[in-house]
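Reviewing the structure listed below.
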Ligand SMILES: Nc1ncnc2c1ncn2[C@@H]1O[C@H](COP(=O)(O)OP(=O)(O)OP(=O)(O)O)[C@@H](O)[C@H]1O
Ligand SMILES: [Mg+2]
């Protein structure tokens with residue numbers, strides 16, 4: 001079953017895309033390091049500032065510090081931003097500006113290998129950044145229990161799902177101006193996904209809308225895991241992210257093929 | 001002759017090969033056979049369908065209709081196997097500008113699954129072959145157009161391809177840079193590499209191609225060696241006359257003159273900036289022109305070229 005599926009979504013040659021991106025990034029070490037420091041800055045600024053201001057709050061009948069409440073939301077946001085920048089910006093650059101993929105497709109690699117490779121790369125990147133984020137959470141005392149380790153696979157799922165949708169969006173971008181459109185979508189998602197405060201603070205109609213946001217679903221899932229508050233809803237949240245990512249990926253694969261091999 | 005000699009089975013066979021983009025047909029049912037070791041050209045003006053053809057022959061773009069085999073394999077089912085044995089120099093350079101010359105070659109070797117030690121060795125050899133060894137660690141950004149073109153050629157050779165496909169290899173290069181590229185292509189040809197070249201320069205086609213097709217509007221209008229094409233479609237020599245008749249407007253303004261010139265030549269072409277007389281003995285005809293009292297601003301006698309063949313077949317010039 002799996003062996004029959006693999007040639008459809010790409011071959012082992014896809015790993016050369018990961019290798020390529022890794023080498024390109026190695027020469028841009030500043031960008032790599034900023035990826036590590038970003039979560040640390042988030043957590044520190046919240047820990048020092050907002051945490052004092054807001055104090056503790058009650059989540060699911062349990063009192064937690066604001067930093068412990070908000071950290072999973074920040075992790076979800078960081079996964080979304082990382083995936084969006086990496087896929088939309090960089091893939092657009094390779095697709096339309098440097099035409100890297102055109103030269104790659106003249107080698108044994110094909111369009112599916114390229115798409116699979118980019119997703120693989122996004123996954124690897126998300127794995128490293130989410131791990132470093134979780135380590136920071138633990139070190140700064142923002143993780144109430146060791147359940148926080150379960151945040152790692154969930155953060156990965158978030159990263160991959162957003163990478164899939166990012167890849168799909170990237171095929172619709174015609175010029176740099178269109179990136180404003182993406183910001184226009186990304187910003188409200190960021191601001192209205194109950195990442196900073198509990199969803200119960202929203203008016204009821206807005207709360208219902210927020211449920212649709214994949215970022216909210218990810219933040220809520222990560223928060224549940226981090227606080228060790230498990231429920232059946234979490235399966236639904238994860239499922240929502242899986243569907244979100246798969247829709248993105250299938251759109252991306254189709255549009256990639258149409259653009260690269262007209 | 002070696003295995004790669006001209007005698008072997010054809011390496012590319014196209015029958016009724018067609019490429020459509022929506023309603024528009026860029027390539028309209030062409031028949032082409034390329035034999036191993038030969039250097040085969042596609043000559044045609046902008047929009048003739050050369051690049052569209054090259055992309056199908058590179059096993060990248062799918063034919064819309066017709067048959068195509070490369071090394072006897074169907075690109076629809078054996079794309080990766082075919083591409084592993086091809087080298088492609090695209091019309092536009094697609095190098096990674098922010099990375100080094102060496103890196104651009106090495107990563108390409110990885111796409112072909114070559115072992116790293118072999119890649120390092122070939123990279124060094126290829127850098128020397130295209131005279132870029134001293135620029136190995138430069139960013140591609142800092143290279144001149146001619147150097148980038150050579151790097152693109154080196155990159156296409158990393159897998160030691162049996163066929164090298166070059167889409168306008170020297171467009172935009174200065175004469176010196178062109179000759180350097182031509183020289184490297186001769187060497188590859190001597191080593192037995194099959195070359196498939198597109199160009200809209202007739203001199204390039206005459207220099208490089210054993211055999212060529214003339215393409216126009218997605219179809220093949222003639223096929224043969226450069227010599228055969230010239231013999232079949234043009235005269236031995238051409239007299240080019242320029243007139244600067246302000247009063248009459250363009251060169252064709254003086255109707256009587258063109259008619260009189262027509263009597264002297266096998267064929268006359270009136271272009272916006274000059275009149276071409278197709279003749280066997282140019283000097284002889286030119287002196288007759290002078291005797292007839294026709295005084296051109298300048299006159300030139302030259303041998304027929306593929307440009308004349310193209311003009312004859314399509315009624316248009318190659319480079320506008
Ligand atoms: N992806 C595409 N979508 C739509 N039309 C295309 C596409 N690619 C090429 N065409 C059209 O097909 C025709 C042939 O283009 P092609 O690039 O094959 O010509 P060419 O002979 O390589 O020209 P040039 O000398 O300018 O490179 C042109 O009219 C072009 O506009
Ligand atoms: Mg072209």
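The values are calculated or read from the model by the stated rules, or taken from the named source; none is laboratory data. What you see is a predicted model, and the numbers here were worked out from it, not measured in a lab. Glycine also receives a Cβ, built like all others from the backbone with ideal geometry; neighbour counts cover every protein chain displayed.
Numbers below:
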| read-out | value |
| --- | --- |
| Segment B:149-172: number of residues that are more than 16 Å from ligand 2 (Cβ to nearest atom) and surrounded by fewer than 20 Cβ atoms within 10 Å (Cβ to Cβ) | 3 |
| 1 or more residues in contact (Cβ under 8 Å) with a residue 40 or more places away in the chain, away from every other protein chain (no Cβ under 14 Å) and closer than 30 Å to residue B:312 by Cβ: qualifying helices (runs of 4 or more DSSP H) within segment B:138-222 | B:175-190, B:202-208 |
| Boolean, residue B:152 is at pLDDT 95 or above and within 16 Å of ligand 1 (Cβ to nearest atom) | yes |
| Test: residue in segment B:113-128 that is more than 27 Å from residue B:48 (Cα to Cα) and facing chain A (nearest Cβ under 10 Å) | yes |
| Output for segment B:40-66, where each listed residue is at the interface with chain A (Cβ under 10 Å from one of its Cβ atoms), in contact with a helix residue (DSSP H, G or I) (Cβ under 7 Å, 6 or more places away or on another chain) and more than 13 Å from residue A:102 (Cα to Cα) | B:62 |
| Matching residues in segment A:95-112 - criterion: being more than 9 Å from every other protein chain (Cβ to nearest Cβ) and either in contact (Cβ under 8 Å) with a residue 40 or more places away in the chain or closer than 16 Å to residue A:14 by Cβ (or both) | A:95, A:96, A:111, A:112 |
| Within segment B:171-220, tally of residues that are at pLDDT 90 or above, within 15 Å of ligand 1 (Cβ to nearest atom) and over 9 Å from the mean Cα position of the chain (by Cα) | 8 |
| Per-region count, segment B:175-192, residues closer than 15 Å to residue B:203 by Cα and out of contact with any strand residue (DSSP E or B) (no Cβ under 8 Å at 6 or more places or on another chain) | 10 |
| Residue count, segment A:75-94 (criterion: within 14 Å of another protein chain (Cβ to nearest Cβ) and under 24 Å from residue B:156 (Cα atoms)) | 2 |
| Residue A:258 vs. criteria within 14 Å of chain B (Cβ to nearest Cβ) and assigned to a helix (DSSP H, G or I) | yes |
| Segment B:245-268 - residue that is out of contact with any strand residue (DSSP E or B) (no Cβ under 9 Å at 6 or more places or on another chain) and not in a helix (DSSP H, G or I) and, of those, modelled with the lowest pLDDT | B:247 |
| Segment B:96-111, residues that are crowded, with 19+ Cβ neighbours inside 10 Å, within 27 Å of the chain's Cα centre (by Cα) and within 8 Å of chain A (Cβ to nearest Cβ) | B:96, B:108 |
| Residue match in segment B:83-100 (condition: in the same structural domain as residue B:139 (by TED's automatic domain parsing), at pLDDT 95 or above, more than 16 Å from ligand 2 (Cβ to nearest atom) and assigned to a strand (DSSP E or B)) | yes |
| Single residue of A:60, A:49, A:10 found to be over 24 Å from residue A:148 (Cβ atoms) and at pLDDT below 80 | A:10 |
| Test: residue in segment B:48-55 that is in the same structural domain as residue B:200 (by TED's automatic domain parsing), away from ligand 2 (no atom under 13 Å from the Cβ) and either buried (at least 19 other Cβ atoms within 10 Å of the Cβ) or farther than 30 Å from residue B:16 by Cα (or both) | no |
| Candidate set from segment B:26-77 (those that are assigned to a helix (DSSP H, G or I) and within 16 Å of ligand 1 (Cβ to nearest atom)); member that is nearest to residue B:313 (Cα to Cα) | B:50 |
| Unmet criterion (only one of (1) more than 8 Å from chain A (Cβ to nearest Cβ); (2) under 30 Å from residue B:32 (Cα atoms); (3) in a helix (DSSP H, G or I)) for residue B:80 | (1) |
| Verdict on residue A:124 being surrounded by fewer than 19 Cβ atoms within 10 Å (Cβ to Cβ), away from every other protein chain (no Cβ under 14 Å) and over 24 Å from the mean Cα position of the chain (by Cα) | no |
